[in-house]
Structures are given as structure tokens and as C-alpha cells.
Amino acid sequence: MKLLYCYLNANPKSLGVLKKILAKVDKLNKLGLDTRVFFLTRHQASSFELPNHVNIIEVPKSSRRYFHQFDNHALHIQAFREVLEKEWEKGDLVMMRAIPANKWFYELVRDYPDTFILEHNSKMREELKREDHFNDLSLWRPSHFLHYFLDRRYPLAADKRFAKKVYKYARNGIAVTYEIGENERQKALPFEYKVHTVSNGLDVDSIPLKPRLGFNGHRLDLLFLRGGGVAPWYGIERLFDGIAAYKGKTNIHLWMVGKKMEVDVNLVNELGISDKVHFTGYKSGKELDEVIEKCHLGIGSLGMHRIGLSEGAVLKVKEYAGRGLPVAIAFKDVDLSFNEEFEPYVLHLPANESPIDMESLIKFVEGLQKMDRLEEEIRALASKFLDAKIKMEQLLKVIKEN
């Protein structure tokens, strides 16, 4: 048996996502499962900065000007089918990130019954219902309306019609949280769709342990690691509002590591807290270590409720823990929040639109100062529960036994 891992609509600009997939494939191979990866894309293969052994399949582009998004679904599935016709043998399994169900995908899964393992990282339909992607579009313009319809309305309608049929023939699903898994099981009814929870992992040994940093109540340094773009689940403005509203004696500083977004800078300036919020831009290696070493607390996502989620498996939260940082989050982390051993090191904030209460952060950090080996204890738990090898062993067990 071998595993074919296929990723549709691969984008060379989403290098972080692609590297995570390759790391997963590499670990599964090291655990003894013959795993091969295929990236299907409308971009030129030469635009991907990836190892030579990665199979990059160029998907033909639609010639229809306004309906290329619609055609893209069918063209990707057809290219996917051609890959399976060449590579798949009886007994092999196929793993892929779930996509909105449609006629072509349903027919493919039906033709390879009990073969597909689908990864679920979000509530698909909640994502498709989000309107914030289209705030700048004038929907009265035909081209804008078509873009909106084909990118959101059509996939949502198609998923409602075909998801049950896809799940009927799929082997099983793997969700990063219990909540997402239950959501997919409900979508499959009246058919039974087995969904297992395996969250993402972190290579703990690849990141350094943060040195001990005491807190005397005079200055509190917060850390927020962010990706690119503006995502509603970040909830960063709640943090800005909380800093602006705080009138206490502790000097609070926030270190924003990642892409510097104009909307964030403007809000910080409007609130008059530009001296307290530091936009570092992207950092890596020793430069990233230096920023993290000066921080007392890692801040996770504060707006998961905006996309209909109460649970999450956020990689940056795992990185905080791997480095020995306590964390503050506004959701239930599937690995930390349900683990009694992690409980002392996780502060749960309200999952709403209220400004983050700085006093609660200060009291939380103060309460941790009695622990002499704080950073070492958090990192030990990260190695025990969050390491990528552990997660891949869990994933391998699901693949082989279900």
C-alpha cells in the first residue's frame, strides 16, 4: 500500500502551506509509509521553489474570460483523475485537503470508493459564507458579480448538493478539531462518515528554548506572530483596543511579528498607541529569537468566533509553547485547553468583540512567577503532546487501521 497526497490549486506564493505538506509527507515516509506528493496548479512548475522530487502537475487554463473560475473546478479534477489513472493501484489510498464538493469531485470519489481520506481544517460552508472578501467589489458590475457568484455562491450551493454523496464513498476524514469533525459528520447524514481528530504538530527540537524572563510588574511585553493578509480570526484589533483602554501602572508593549499591514498601522495610529505597538516585519532565525526572548506572553487568535469556531489548532500557539512561552487565547485549543497538565500555562479570554483586558494578562503573568522552571516545564509538555512526530504517529494509525 502507498499513499498518494494530492493538493489542488497549489500556489507558489503559499510557500508556508506547501512546506507544511512536504514536512508531513517526509515524516510519513520516515515512519515507513510510502507517501508520494502531487501539487496540481494553474501556475508554471518553474515558479515553485520546491525540491525536485515533488510532482508538480500543471493544469490547463480555461479560455473563457469570465467563467475561468467555474472551469477551474472541472479542469483540476480532470487532471487529478489522470494522476490517479497513472499512479493508483488497488489497495492504495489518497489523501487530500477537503474542497467544496461538486459534481466532478463526487464522480471521482465514487469511481475510487473507500480510497479517499479527506482533511478538514475549517468549517467549509462557514468560510464560503464570509462576505468580507468582497467588500471592495461593486456587485452591480457584471464581472464583479460573476467573480462573487463563482467564487462563493456556486461552491456553497454545490457543496450542499454533493457533500453527502462524496462522504458516502470516501474512506474517512481527518479533522484538526473535534468541532470541525462533528460538523462534517452532520453534513454527511444519513450516511455514516468517520472523522478522526488529529491536529497539526510542531518540530519542537527545531526551535530554541526561550531563556528565563522575570516580571516585576513594571513592564509587560506581549508577542503576536501573524501570517500574511488580513484575517478576521486574528482579532488583532481587540488587542489594540485593550492596550488603548488600559490606564494602569504597567508599561505594556506589543511585538507584532509578520507582515506589516496598513490597516493595522492606521488603527494603531488612530488609537494613539504607536509607541506601544512595534511592527517588526518578518523575522526568522536569531532575529526572531531576539524578539521572542524579550516577551512574557504569547497571544493566539482572538477572533475564531467570527468564523463560527469555538475550537482551534493554531500552529503559532504550539510554537509559543515549544519555546516555553505561556499563552493567551480566545478559543479552546484542541491540544492545550483539554489537557490538565497545560492548564496552568493557558489563559482563556472571552470569545467576543470586547477589548482584551490588560489587567487579566498582567495578573496571569504575575501568577506564573512563582514557577522557577516555567519555560522548561512548558517546553517539556510541548515535546510530550505537541511534537510533529507524535501527531504523525497518530495520523499513521488512523490511515492504517481505518
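Brief remarks on what is shown
- The set of residues in segment 168-182 that are surrounded by 18 or more Cβ atoms within 10 Å (Cβ to Cβ), out of contact with any His (no Cβ under 8 Å at 6 or more places or on another chain) and part of a helix (DSSP H, G or I) comprises Tyr169, Glu179.
- Test: residue in segment 5-28 that is surrounded by fewer than 17 Cβ atoms within 10 Å (Cβ to Cβ), touching a strand residue (DSSP E or B) at 6+ places or on another chain (Cβ under 6 Å) and of a type outside the set (Phe, Trp, Tyr): no
- Boolean, His253 is more than 27 Å from Phe385 (Cβ to Cβ) and touching a strand residue (DSSP E or B) at 6+ places or on another chain (Cβ under 6 Å): yes
- Any hit, segment 147-163, residues being in contact with a strand residue (DSSP E or B) (Cβ under 9 Å, 6 or more places away or on another chain), buried (at least 18 other Cβ atoms within 10 Å of the Cβ), not in a loop (DSSP other than H, G, I, E, B) and not assigned by TED's automatic domain parsing to the domain that holds Lys294: no
- Filtered residue count, segment 230-264, keeping only those that are part of a helix (DSSP H, G or I) and either buried (at least 17 other Cβ atoms within 10 Å of the Cβ) or not assigned by TED's automatic domain parsing to the domain that holds Arg306 (or both): 12
- Selection count, segment 277-302, where residues are modelled with pLDDT of 95 or more, surrounded by fewer than 20 Cβ atoms within 10 Å (Cβ to Cβ) and part of a loop (DSSP other than H, G, I, E, B): 1
- Leu40 being modelled with pLDDT of 85 or more, in contact with a Cys (Cβ under 8 Å, 6 or more places away or on another chain) and aliphatic (A, V, I, L, M): yes
- Between Leu84, Leu108, Leu118, the distinction of being among the aliphatic types (A, V, I, L, M), outside any helix (DSSP H, G or I) and in contact with a helix residue (DSSP H, G or I) (Cβ under 9 Å, 6 or more places away or on another chain) belongs to Leu118 only.
- Residue count, segment 305-319 (criterion: hydrophobic (A, V, I, L, M, F, W, C) and surrounded by fewer than 21 Cβ atoms within 10 Å (Cβ to Cβ)): 2
- Residue ID - nearest to Gly91 (Cα to Cα), chosen from residues in segment 156-169 that are over 23 Å from the mean Cα position of the chain (by Cα) and among the aliphatic types (A, V, I, L, M): Val166
- Criterion (touching a Phe, Trp or Tyr at 6+ places or on another chain (Cβ under 6 Å), at pLDDT 95 or above and of a type in the set (A, V, I, L, M, F, W, C)) met by exactly one of Leu325, Leu347, Leu368: Leu347
- Of all residues in segment 206-229 being surrounded by fewer than 17 Cβ atoms within 10 Å (Cβ to Cβ) and within 21 Å of the chain's Cα centre (by Cα), the one that is modelled with the highest pLDDT: Ser206
The values are calculated or read from the model by the stated rules, or taken from the named source; none is laboratory data. Just so we're clear, the structure is a prediction, and the values are computed from it rather than from any experiment. Note that we place each Cβ from the backbone using ideal geometry, even for glycine, and neighbour counts take in every protein chain shown.
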